[in-house]
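Here the structure comes first, spelled out in structure tokens, and everything after it is commentary.
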Amino acid sequence: MQRLENQQPTLLEKSYTLEDWQGGYESLKEEFDYWIDDIEEEIPPQLRGTLFRNGPGLLDINGQRIHHPFDGDGMISRITFINGRAHFCNRFVRTDGYLAEQKAGKILYRGVFGTRKPGGLLANIFDFKIKNIANTNVIYWGDKLLALWEAAEPYSLDPFTLETLGKEYFDEVLSKGEGFGAHPRFDPSCIQDNGAPCLVNFAIKPGPSTTIKIFELNSAAKVIRKYAHQVSGFCFIHDFAITPHHYIFFQNPVVFNPIPFVFGVRAAGECIKFKPDQNTKIIVIPRFPRGEDSELKILETQSGFVFHHVNAFAVGDEIFIDSICYDSLSTVKPKSDFRQVDFAAASPSQLWRFHINLQDGQVKRNLIEGRCCEFPSIHPDHGGRDYRYIYLGASHAADVNAPLQALLKIDLKSGERQLWSAAPRGFTGEPIFVPRPDAQAEDDGWLLAVVYDATCHRSDVVILDARDLNKGAIARLHLKHHIPYGLHGNFTPKTFLSN
Ligand code: CO
């Protein structure tokens, strides 16, 4: 791996080619199960546990291309680290939709993000069947391995075999088809449970007035608290943040016009329109309602679109929340190809800090990082707490919107940045921070990422020392195949192998 200082592109030169980037959006149809034997350098023996990742594994159904990668069937990749070795396994989530389409050999469902059934208007009009594609995140919690997709119930898998076990309803807390968000938040020490860890998640039931449901799960994956709150207007909310006392949601300024969806000419996701002239609303909800403190508060800030938050924490009456902001919501137009995106024409997603004053209702914001970045990760024990380090996927060059090719570490205290880049032919996604056992320092651990390598159309699992990304990769594990660009994943210190 070349070091970054040798690779800074000139102003006229791009750090990538579109053709290379497109290779990461080919389907992976095969399922594998093997020990990784092509390894550069060494896997740290102390790195022990399992990285689960989810993302669209199929970008076509038997040659019929889907319209947007968010519509692709969920495929779980599992990398198990044990005794200095690593094992790879991938399996598609056997959702009802996956099984039906694989059997039929064609697209049977309209996708939320623009995939249409063949057959034109007549095949799509008044068809509201939604395909739960279980493709957005995967988390191991309370002995359950759950593939998450925010608009419907999770799918449960066997962590040893990755076999799909069925839909998860948490002892009938969820009803059939009820949403369960793809971005659960980890509270390492819940004040309501005498400091026990808990998992906090939400679901959106959109409409002219939106219901935000909240679930808190104990470490046995039992739902111990469930709340519902009403907010006015349509909500497109993908992620949220928590502090020990609050949930924080950003209500992006969008409207939903259902008519083209009902008539089959647009997918649901294509009927969402960004309103740049309207403010973003910040919804702050107390976690444990008590008397007059139980009211939800709505504050306003400048228009923008947020998919992902990094973290939030409270100091007195002020809440700080760090979020990845876009100028607007970009959509893939009908009849266009998402693979032909002009990255440079869009403005980059950037990291901002919002200062929310609950006393006077004022919101201030300041830019933390102007480089194009996405997919944040932090030390899990700092969820909802003050913290120092953020890890992100980032563009190689600082001054232009581009695909993610690098991993960026930000030290919020000193302002120092470290960047490891896989450019020109490597493409990154979400890094996951894994603390070293018995570590004291917040950044003492490893950063794990799957990197697509266009030189050989395969992917690598890259391990970095999170204390110093400038050292370069401390191990690089070459897979026998590529993994299509994924979305989210999680690490557990438990080790899972197929046999
Ligand atoms: Co997400």
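By the Cβ distance rule (another cysteine Cβ under 4.7 Å), the unpaired cysteines of the chain are 89, 235, 271, 325, 372, 373, 456.
Please enumerate, by chain and number, the lysines with C-alpha under 23 Å from the C-alpha of residue 471, excluding those fewer than 8 residues away in the same chain. Partners within reach: 409, 413. Here the sum of -39500 (n - 2.57) over DSSP H runs of 4 or more residues, divided by the residues of the chain, equals -1000 deg cm²/dmol at 222 nm, to the nearest 500. Solvent-accessible area of region 295-417 (1.4 angstrom probe, protein heavy atoms only): carbon and sulfur portion equals 47 percent. Accessible surface area normalised per residue over region 18-492 is 40 Å², counting heavy atoms of protein chains with a 1.4 Å rolling probe. If you take all other residues with their beta carbon under 14 Å from the beta carbon of residue 394, and give Lys and Arg +1 and Asp and Glu -1, the sum is -1.
From the largest down, region 18-492 spans 61, 60, 47 angstrom on the principal axes of its Cα atoms. Just list whichever of 226/281; 213/273; 117/333; 176/213; 205/275; 131/226 have alpha carbons separated by over 18 Å in the model shown. Beyond 18 Å: 226/281; 213/273; 205/275; 131/226.
Ligands, DNA and RNA left out, the accessible area of region 97-241 computed with a 1.4 Å probe is 56% carbon and sulfur.
I want the local charge near residue 357. Using Cβ-Cβ distances under 15 Å, sum +1 for each Lys or Arg and -1 for each Asp or Glu among the other residues. Net charge around residue 357: 0.
The values are calculated or read from the model by the stated rules, or taken from the named source; none is laboratory data. All values derive from a computational prediction rather than experimental measurement. For neighbour counting, all protein chains shown are included, and Cβ atoms are generated from backbone atoms with ideal geometry for every residue, glycine included. With ligands, DNA and RNA removed, areas are computed over all heavy atoms of the protein, side chains included. Shrake-Rupley method; radii C 1.70, N 1.55, O 1.52, S 1.80 Å.
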